[in-house]
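Have a look at the structure below before the remarks.
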Amino acid sequence: MIHRYIFIAGGVMSGVGKGVACASIGKILQSKGYKVTAIKIDPYINVDAGTMNPTEHGEVFVTDDGDETDQDIGNYERFLDEDILSANYMTTGRVYQSVIKRERNLEYNGKCVEVVPHVPQEVINRIKFAAKKAKADFTIIEIGGTVGEYQNILFLEAARMMRTETPKNVIFVMVSYLPIPSKIGEMKTKPTQTAVRTLNSAGIFPDFILCRAEVPLDEVRKQKLETFCNIPRGNAISAPDVETIYEIPLNYEKEKLGEKILEKFSLKIKKKDLKEWQKFVLTAKRVKNEIHIGIVGKYFSTGNFTLADSYISVIEAIKHASWFYKKRPILCWINSEEFEKDEGKLSELKKYDGIIVPGGFGSRGVEGKILAIQYCRENNIPYLGLCYGMQLATIEFARNVAKLAKANTTEIDKNTPYPVIHTMADQVKKIEEKKMGGTMRLGAYPCVLAKDSISFKAYGQKKISERHRHRYEFNNEYRKLLEEKGLRIAGTSPDNKLVEIIEVAGHKFFVGSQFHPEFKSRPLKPHPLFREFIKAAIS
Ligand code: GLN
């Protein structure tokens, strides 16, 4: 089978939505009958995103096969409705790690191993491997960072080498930004022209430019870019700001981007299949009735901007489920430390239709989160706890219902008299030896649901598979006692050794999952737990 490759690089500045551009191009090619996969290249030395601070780098997105990757992989999954696997993610660190390992294994047959060509060659091998594994007609490769940066130069070199090797099967797209300085009041193309020239000097001549801007591009500017950036007529594509990212594939369609890309590869449209997506986008844009969801966490020194990136899968999962019920979700970030300072503020939680405590690590803000969870439990406010949110709900229940004062997780208090959440057995040694990178319980594991639970009702099936990322777990020594006090163990590993879901019976909705359901929510298939949570929140 012929594999075709679309490389995407960003010009002018970061944060212009390269990931969503990749996902959207993938979506339109998929809707025309082609099998698509997408790869993210992160130019960091970190071997995976697991060791990067989410407030700096964004959410750590966990794949089914247990890789800790970039949030863009989540965008690909949501747009393509496909599981994207570890093979589709690489970092500079990961690439060098394999080159060095090969060198130590004498795999280069005595040659001098050099940065060029051996590093780009390793990148190419990885790209081809992922394309083959996914059996993809098209593989879209997002090169992280901005053109002109020192860090991504070897990845651009890999792209150039691939084009030289098979010119008919490789194209380049640059996603750029066209500012409209307020004092000038007109859209400027010069930064894009300069960025293209920089890309040219790396031997790459883009076939398309996606022009991100506040407003659509006019004809004059399109022509200017075509002339000065040396791209074919009609290939400067307008990519204005949108209300919802899910609208972007539809905007590209207006510019006939899918057709133009297929033409470039001398391929035909096999089918047209964007109807459901169109309907979904229309709903998302039209719904008016609001639903207010509070997300309680430790939000210090981060603005709204970084928050949205750190919790992107949670946010998208809430949106999918809300739109499913024709509601407009209004999200509010609630700093749990405020409750620690002033418990009186807890009553503000009444304003929300539902509360979520998402995943997290460490002690900051934890007591405030526990107070918020208690408030939800006692006041019948729908509550969804994700990973840490489940562990803290267990602690809250142990302290306030089972009266185990000072119950805690050993992550925070090693000497707690009641370690209701404790270190997983296989993690003890790893923590002692400080082997922290990529060593949590990661990726998909099966879970069996209890027949009479809210979760079973939500999923409509007994056996499920969900993605994990944690070192601590529910301590089975307290299982019997907590169950006697009314905590429902709604899901466990098939061998019944690991508690995966807890619930509080007789509550509107009180569910905590040890896994992260948010990673598996898709626009047209909202996640069952989020769906039920939203349903309870609006009832
Ligand atoms: N800190 C907790 C653990 O490691 C929860 C992790 C999370 O929320 N992803 O078990």
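The values are calculated or read from the model by the stated rules, or taken from the named source; none is laboratory data. No experiment lies behind these values; they were computed from the predicted model shown. Note that we place each Cβ from the backbone using ideal geometry, even for glycine, and neighbour counts take in every protein chain shown. All accessible areas refer to the heavy atoms of the entire protein, side chains included, with ligands and DNA or RNA removed. Shrake-Rupley method; radii C 1.70, N 1.55, O 1.52, S 1.80 Å.
Since only Gly66, Ile431, Tyr418 are under comparison, the one whose Cα sits farthest along the positive direction of the charge dipole of the chain, derived from C-beta charges on Lys, Arg, Asp and Glu, is Gly66. Under the convention that each Lys and Arg Cβ holds +1 and each Asp and Glu Cβ holds -1, the size of the dipole of segment 323-447 around its Cα centre is about 360 debye. Across the alpha-carbon atoms of segment 1-65, the computed radius of gyration and Dmax are 14.2, 41 angstrom. Once C-alpha pairs closer than 8 Å and six or more residues apart are averaged by separation and normalised to the residue number of the chain, the relative contact order reads 15 percent. Estimated at 0.36 nm per residue, the fully extended path between Lys272 and Ser363 surpasses their Cα-Cα distance by 27.7 nm.
Counting charges near Tyr89 (Lys, Arg +1; Asp, Glu -1) among other residues having Cβ under 10 Å from its Cβ returns a value of -3. The distance separating the Cα centre of segment 445-521 from that of segment 105-154 comes to 41 Å. Here the Karplus relation 6.51 cos²θ - 1.76 cosθ + 1.60, evaluated at θ = phi - 60°, turns the backbone of segment 440-445 into coupling constants of 5, 6, 10, x, 7, 9 Hz, with x for every Gly and Pro. Peptides 344-353, 220-229 ordered by packing proxy, namely the average of other Cβ atoms within 10 Å per residue, highest first: 220-229, 344-353. Ordering 322-332, 386-396, 451-461 by mean Cβ neighbour count within 10 Å, with the highest value first, yields 386-396, 322-332, 451-461.
The H on the amide N of Val175, modeled in the peptide plane, is under 5 Å from the matching H of Ala9, Gly10, Gly11, Leu210, each at least 5 residues off or on a different chain.
Run the accessible area of the chain with a 1.4 Å probe and give the carbon-and-sulfur part as a rounded percent. Roughly 52 percent of what the probe reaches on the chain is carbon or sulfur. A simple packing score, the average count of other Cβ atoms within 10 Å per residue, orders the peptides 156-165, 413-422, 17-26 as 17-26, 156-165, 413-422, with the highest score first. From the Kirkwood radius over Cα pairs of segment 63-137, Stokes-Einstein at 10 °C and 1.306 mPa s returns a whole-number translational diffusion coefficient of 115 µm²/s. Please compute the contact order of segment 366-482 in relative form: average sequence separation of alpha-carbon pairs under 8 Å and at least six residues apart, divided by the residue count, as a percent. Relative contact order, segment 366-482: 22 percent.
Placing pseudo-labels 7 Å out from each Cα toward the beta carbon at Lys525 and Asn380 gives an inter-label distance of 3.5 nm.
For Ile39, Ile45, the ranking by accessible surface with the largest value first comes to Ile45, Ile39, using a 1.4 Å probe. Where nothing but the Cβ of Lys and Arg (+1) and of Asp and Glu (-1) is charged, how large is the charge dipole of the chain around its Cα centre, in debye to the nearest 20? The calculated dipole for the chain is roughly 1420 debye.
In units of the compact-protein estimate 2.2 N^0.38 Å, segment 483-539 shows a Cα radius of gyration of 1.25.
Relative contact order (percent) for segment 237-305, with alpha-carbon contacts under 8 angstrom and 6 or more residues of separation?
29
Distance from the alpha carbon centroid of segment 339-389 to that of segment 54-85 works out to 26 angstrom.
If only the Cβ of Lys and Arg carry +1 and only the Cβ of Asp and Glu carry -1, the dipole of segment 368-424 around its Cα centre is close to 100 debye.
The stretch between Lys341 and Glu165 holds 57.1 nm of extra length on full extension. This uses 0.36 nm per residue minus the Cα-Cα distance. Based on DSSP H segments of at least four residues, each scored -39500 (n - 2.57), the chain has a per-residue ellipticity at 222 nm of -11000 deg cm²/dmol. The Cα atoms of segment 106-240 cover 61, 31, 22 Å along the three principal axes, with the biggest extent listed first.
Here, the chain is characterised by an Rg to Rh ratio of 0.99, where Rg is the alpha-carbon radius of gyration and Rh the Kirkwood radius. Applying a threshold of 31 Å to the alpha-carbon distances of Lys271/Lys319; Lys183/Lys298; Lys341/Lys434; Lys188/Lys319; Lys326/Lys351; Lys18/Lys168 flags Lys183/Lys298; Lys341/Lys434; Lys188/Lys319 as lying beyond it.
For the chain, the membrane-span-like helix rule (DSSP H, alpha carbon extent of at least 24 Å along the helix axis, mean Kyte-Doolittle at least -0.5) picks out 115-133; this says nothing about an actual membrane.
Straight-line reach from Lys480: taking Cα to Cα under 28 Å and skipping same-chain neighbours fewer than 8 places apart, the lysines in range are Lys369, Lys403, Lys406, Lys414, Lys429, Lys451, Lys457, Lys462, Lys463, Lys497, Lys508. Quick one: net charge around Ile534, please, counting Lys, Arg +1 and Asp, Glu -1 for every other residue with C-beta under 9 Å from its C-beta. Result for the neighbourhood of Ile534: +1. Projecting the Cα atoms of Gly203, Pro232, Met187 onto the charge dipole of segment 182-241 (Cβ charges, centred on the Cα centre) puts Gly203 farthest toward the positive pole.
Restricting the count to DSSP beta bridges whose residues both fall in the chain, what percent are antiparallel, rounded to a multiple of 5?
Of those bridges, close to 30 percent are antiparallel.
Considering only Ser455, Pro528, Ser513, the residue lying farthest towards the positive end of the dipole of segment 447-539 is Pro528, judged by Cα position with unit charges set on Cβ.
Entry comment: accessible area of the chain is 43 Å² per residue, from protein heavy atoms only and a probe of 1.4 Å.
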